[in-house]
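Chemist: Quick one: this structure, given as structure tokens, is what I'll be asking you about.
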Amino acid sequence: MLAQVRRGLITALFLPLVMLSFLVRKNGAIWVFGAWNGIQYSDNPRYLFELMNTTETTIRPIWVSKSHVVVERVRAAGYRAYYWMSLEGIFYSLRAGVAVVSHSADDVNPYASYRAKIFKITHGTPMKRMGKDNRFLYPERRSRRLYEYVRSISPQRKTPVVAFVSSELSRFRFESAYRGSSISVVNSGYPRWMGITESRGVLWRFIQEKVGALRVSEFDKIVMYAPTRRANRSFKLELGKDLVDFVIEANEKKYFVVLRPHPSLQINISDKASLELVDRGFLEVTCHQIEDVNSTLQDVDVLLTDYSSIIYDYCILGRPSFLYAPDLDDYIVSDTGLYDDYGKAEPALKINSLLEALDPTLLKEASSKAEAFKALHCGADAVKACDTIVKTIKERI
């Protein structure tokens, strides 16, 4: 409730920009891009933006961010970027006919770009129920028509024209979640597959920078544990002896262990476990240190998560991934719910302990399951995905 009140007050403050957006003529050749509430340069919009800068001559792609650091970083790469409340950022947001986002209109300047058509390249195949399927928000399928209407026209959450997804499985789930809305769901594939298949050495270089080249030379593989957020923001994932035992055995098998929690997930590693992990092949890598997790996946040999859609993208590499959720029983009852029985429709094996992810037999079985799922993801062709997205957007403006 407090977040909704705060959003309403901010909208009232920036209402003049919304009104101005009705007076300024839109240009369909100007497209603004943003991601992760405007604070990251990552995800699908990033890779589409970069490709369009090298291939499109009729479109002017512009990155809009709420972070000065991101703006400088994008400019340093040779692209056009503006701070969302700078004169240039406001001008191009007012003029843009298209806004390409990863999460919502709040990824760009939602007030100045209010009349731009929003195109959302979704953040992943949902394992967790969302939208109308979300049991946390719709425990009894209560009517929320007025709230949903106000939300759909609010600047920060304005309804997108199209939501782009990565597979037929994903399309089916998004259409269910968006039922009753005007959103079209298009199975295009993901631009960020480009980062997964082409980025190499990003994670290894970061590990070397943090722990030293001599330590890194002890390992030749990486296992990443990437737990995700819960609907209950107060949830805290407790890690202790199970993590220590896993790291010790993984290190013995020459795996370096990386913990990559979701930005909104609280992690608590017990003091005893923290002490035991010192000088082990272990490192927590946050989104503040490496924003774009997709750029690290080429370096990951084994992936573990609980409910994250990251495994659907990771499967395009045909490598083993595992589902480990110690709070599964509670999650099913009290959180958003799952679209299918846990582990049934995912390109990963369900395990009951972290240590099982190091079992040679299970690793082989998990690899086979990942390979079978690759065919569901448009051949993992990122360039083709970008072409489909650009073509669809041009047809809709």
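The values are calculated or read from the model by the stated rules, or taken from the named source; none is laboratory data. Note that the structure is a prediction, hence the values are computed from the model and not measured. Counting neighbours? That spans all protein chains shown, and the Cβs are built from the backbone with ideal geometry, glycine included.
Chemist: For the stretch 247-336, please list each of the helices (runs of 4 or more DSSP H) lying entirely inside it that holds at least 2 residues being among the aromatic types (Phe, Trp, Tyr) and assigned by TED's automatic domain parsing to the domain that holds Arg215.
Modeler: Per the criteria, 310-314.
Chemist: If you don't mind, there's one more thing I want to ask. Counting only residues that are not hydrophobic (A, V, I, L, M, F, W, C), give me the helices (runs of 4 or more DSSP H) lying completely in the stretch 174-245 with at least 3 of them.
Modeler: Counting at least 3 such residues, we get 193-198, 202-211.
Chemist: Cβ-Cβ below 9 Å, separation at least six or inter-chain, first residue in the stretch 78-99 and farther than 17 Å from Ile59 by Cβ and of a type in the set (Gly, Ala, Ser), second assigned to a helix (DSSP H, G or I) and at pLDDT 95 or above: which pairs?
Modeler: Sorted first by the residue in the stretch 78-99, then by its partner, the pairs are Ser86/Val71; Gly89/Val71.
Chemist: Within the stretch 306-340, track down each residue that is under 20 Å from Trp204 (Cα atoms) and among the hydroxyl-bearing types (Ser, Thr, Tyr).
Modeler: Tyr314, Ser321
Chemist: If you check Val285 against the conditions, is it buried (at least 22 other Cβ atoms within 10 Å of the Cβ), β-branched (Val, Ile, Thr) and more than 18 Å from Trp193 (Cβ to Cβ)?
Modeler: For Val285, the condition - buried (at least 22 other Cβ atoms within 10 Å of the Cβ), β-branched (Val, Ile, Thr) and more than 18 Å from Trp193 (Cβ to Cβ) - is not met.
Chemist: Within the stretch 88-104, count every residue that is farther than 18 Å from Arg25 by Cβ and surrounded by fewer than 24 Cβ atoms within 10 Å (Cβ to Cβ).
Modeler: Of the residues in the stretch 88-104, 3 are farther than 18 Å from Arg25 by Cβ and surrounded by fewer than 24 Cβ atoms within 10 Å (Cβ to Cβ).
Chemist: Go through (1) without any contact (Cβ under 8 Å) to a residue 60 or more places away in the chain; (2) out of contact with any helix residue (DSSP H, G or I) (no Cβ under 7 Å at 6 or more places or on another chain); (3) not assigned by TED's automatic domain parsing to the domain that holds Thr55; (4) not aliphatic (A, V, I, L, M) for Glu218 and report which single condition fails.
Modeler: So the condition that Glu218 fails would be (1).
Chemist: A follow-up question, please. Can you find a residue in the stretch 124-140 that is at negative phi, at pLDDT 90 or above and buried (at least 20 other Cβ atoms within 10 Å of the Cβ)?
Modeler: Scanning the stretch 124-140 turns up no residue that is at negative phi, at pLDDT 90 or above and buried (at least 20 other Cβ atoms within 10 Å of the Cβ).
Chemist: State which residue pairs qualify: first residue within 15 Å of Cys386 (Cα to Cα) and inside the stretch 36-58, second residue assigned to a helix (DSSP H, G or I) in any location, beta carbons under 6 Å apart, and separation of 6 or more residues or different chains.
Modeler: Pairs that qualify, where the first residue is within 15 Å of Cys386 (Cα to Cα) and the partner is assigned to a helix (DSSP H, G or I), are Tyr47/Met194; Tyr47/Gly195; Leu48/Cys386; Leu51/Cys386.
Chemist: Quick one: in the stretch 31-56, of everything that is outside any helix (DSSP H, G or I) and closer than 16 Å to Ile393 by Cβ, which residue is farthest from the chain's Cα centre (by Cα)?
Modeler: Glu56
Chemist: Test of understanding: among Ile153, Ile183, Ile207, which residue is more than 18 Å from the chain's Cα centre (by Cα), over 25 Å from Lys254 (Cβ atoms) and at pLDDT 85 or above?
Modeler: When all the criteria are applied, what remains is Ile183.
Chemist: Starting from the stretch 328-339, take each residue that is at pLDDT 85 or above and list its partners that are among the aliphatic types (A, V, I, L, M), counting only C-beta distances under 8 angstrom and pairs at least six apart or across chains.
Modeler: Correct list of pairs: Leu338/Met127; Leu338/Ile332; Tyr339/Met127; Tyr339/Ala345.
Chemist: Something else about it: Which residue pairs have Cβ atoms closer than 6 Å, lie 6 or more positions apart in sequence or on different chains, and pair a first residue in the stretch 373-397 that is closer than 18 Å to Pro45 by Cα with a second residue that is part of a helix (DSSP H, G or I) and modelled with pLDDT of 95 or more?
Modeler: Pairs found: Cys386/Leu48; Cys386/Leu51.
Chemist: Another question about this same structure. Being surrounded by 15 or more Cβ atoms within 10 Å (Cβ to Cβ), modelled with pLDDT of 90 or more, hydroxyl-bearing (Ser, Thr, Tyr) and on the phi < 0 side of the Ramachandran plot, is that true of even one residue in the stretch 360-380?
Modeler: Looking through the stretch 360-380, at least one residue is surrounded by 15 or more Cβ atoms within 10 Å (Cβ to Cβ), modelled with pLDDT of 90 or more, hydroxyl-bearing (Ser, Thr, Tyr) and on the phi < 0 side of the Ramachandran plot.
Chemist: Does Asn44 satisfy the condition of being modelled with pLDDT of 95 or more and in contact with a Gly (Cβ under 7 Å, 6 or more places away or on another chain)?
Modeler: no
Chemist: Condition check: buried (at least 21 other Cβ atoms within 10 Å of the Cβ) and either more than 17 Å from Val293 (Cα to Cα) or of a type in the set (D, E, K, R) (or both). Does Arg205 satisfy that?
Modeler: no
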